[in-house]
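Working notes, structure below.
The values are calculated or read from the model by the stated rules, or taken from the named source; none is laboratory data. As the structure is a prediction and not an experimental result, all values here were calculated from the model. Backbone-built Cβ (ideal geometry, glycine too); neighbour counts: all protein chains shown. In case anyone asks, the SASA skips ligands and DNA or RNA and just uses the protein heavy atoms, side chains included. Shrake-Rupley method; radii C 1.70, N 1.55, O 1.52, S 1.80 Å.
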Amino acid sequence: MATTATPKATNGKTSKASPLQHQRGTVLQKYGTIASLPNGVKDDACRKNCDMLNQLLADTITLQHLYKKAHWQVKGHTFYQLHLLFDKHSDEQLELVDTIAERIQILGGVSTGMPDAVAALTRIEAPPKDIEEVPAVISRLLEAHQQVIDFVNEGIDQTEGNKDWGTNDMLMSEVLRTNQMQVWFVGEHLVETPLVEAD
């Protein structure tokens with residue numbers, strides 16, 4: 001049952017312009033449940049796919065924050081290039097976060113997102129609070145991408161099996177391709193080549 005809040009009184013009068021604060025309401029839908037919608041996907045498939053997508057969402061949020069941390073803390077002679085690249089990739093991962101969360105809601109699920117819930121759900125290893133050397137930072141990013149890509153491939157098989165074509169298309173055309181492109185751009189920075197003199 002929703003609580004009732006009374007607007008603050010101003011000079012003995014109640015102000016309608018004052019916000020109604022400290023409200024709490026009835027939970028409309030519990031996390032992990034499905035609201036049945038006429039979306040062309042069977043309820044059981046929606047439930048399974050929302051579970052999969054919430055895992056993917058937690059991992060994508062974590063990867064986005066890994067990129068943002070790397071953007072802030074990168075050091076060394078490649079600072080400028082990587083500072084810009086990491087920020088670009090962070091923005092692209094943030095777009096995926098929104099896409100995945102909205103897909104969960106489209107399927108009638110409840111998307112995760114608060115930091116404590118994401119930290120409990122993600123499978124990506126947390127980096128240290130310290131600043132690491134660039135090769136270690138990039139290695140962490142590549143390992144995180146590999147986890148996401150492997151999981152997305154499983155999700156593609158799952159959504160093909162239960163005929164959730166909208167989720168299937170999103171996983172392939174947006175999530176998978178974005179992560180593969182980012183792997184290419186970041187991975188090239190770990191190729192050992194001479195800087196000023198050819199072999």
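Points to keep in mind about this one:
- In the elastic network of the chain, a GNM with C-alpha springs shorter than 10 Å, the most mobile of Lys16, Lys75, Lys163 is Lys16.
- Annotation: the stretch 18-89 has a Kirkwood hydrodynamic radius of 16.3 angstrom, from the mean reciprocal C-alpha pair distance.
- FRET efficiency for the pair Leu37 and Thr78, taken as 1/(1 + (r/R0)^6) with r the Cβ-Cβ distance and R0 = 45 Å, rounds to 0.40.
- Over the stretch 98-199: Kirkwood hydrodynamic radius from C-alpha pairwise inverse distances, Å: 16.1
- Cα long-axis angle, helix 177-187 against the chain (0 to 90 degrees, to the nearest 10): 40
- Here the chain has 56 percent of its accessible surface on carbon and sulfur atoms, given a 1.4 Å probe and all protein chains in place.
- Where trypsin sites (Lys or Arg not before Pro) fall in DSSP loop in the stretch 79-133, at most 15 other Cβ within 10 Å: Arg123, Lys129
- Fully extending the segment from Gln29 to Gln55 would add 7.5 nm, taking 0.36 nm per residue of separation and subtracting the current Cα-Cα distance.
- Helix axis angle, 43-73 relative to the chain longest principal axis, alpha carbon, degrees: 60
- With a cut-off of 14 Å between beta carbons, the residues surrounding Ser36 carry a summed charge of 0, where Lys and Arg count +1 and Asp and Glu -1.
- Under 16 Å from the Cα of Lys129 - lysines, other chains or at least 8 residues apart: Lys68, Lys69, Lys75
- Candidates His65, His189, His77: whichever shows maximal mean-square fluctuation once the chain is modelled as a Gaussian network with Cα springs under 10 Å: His77
- The GluC sites (Glu not before Pro) of the stretch 134-199 that meet both conditions, a loop assignment by DSSP and at most 12 other Cβ atoms within 10 Å of the site Cβ, are Glu192, Glu197.
- Anchor Lys163: aspartates and glutamates whose Cα lies under 13 Å away (excluding residues fewer than 8 positions away in-chain): Asp43, Asp44
- Solvent exposure of the chain as accessible area per residue, Å², 1.4 Å probe: 63
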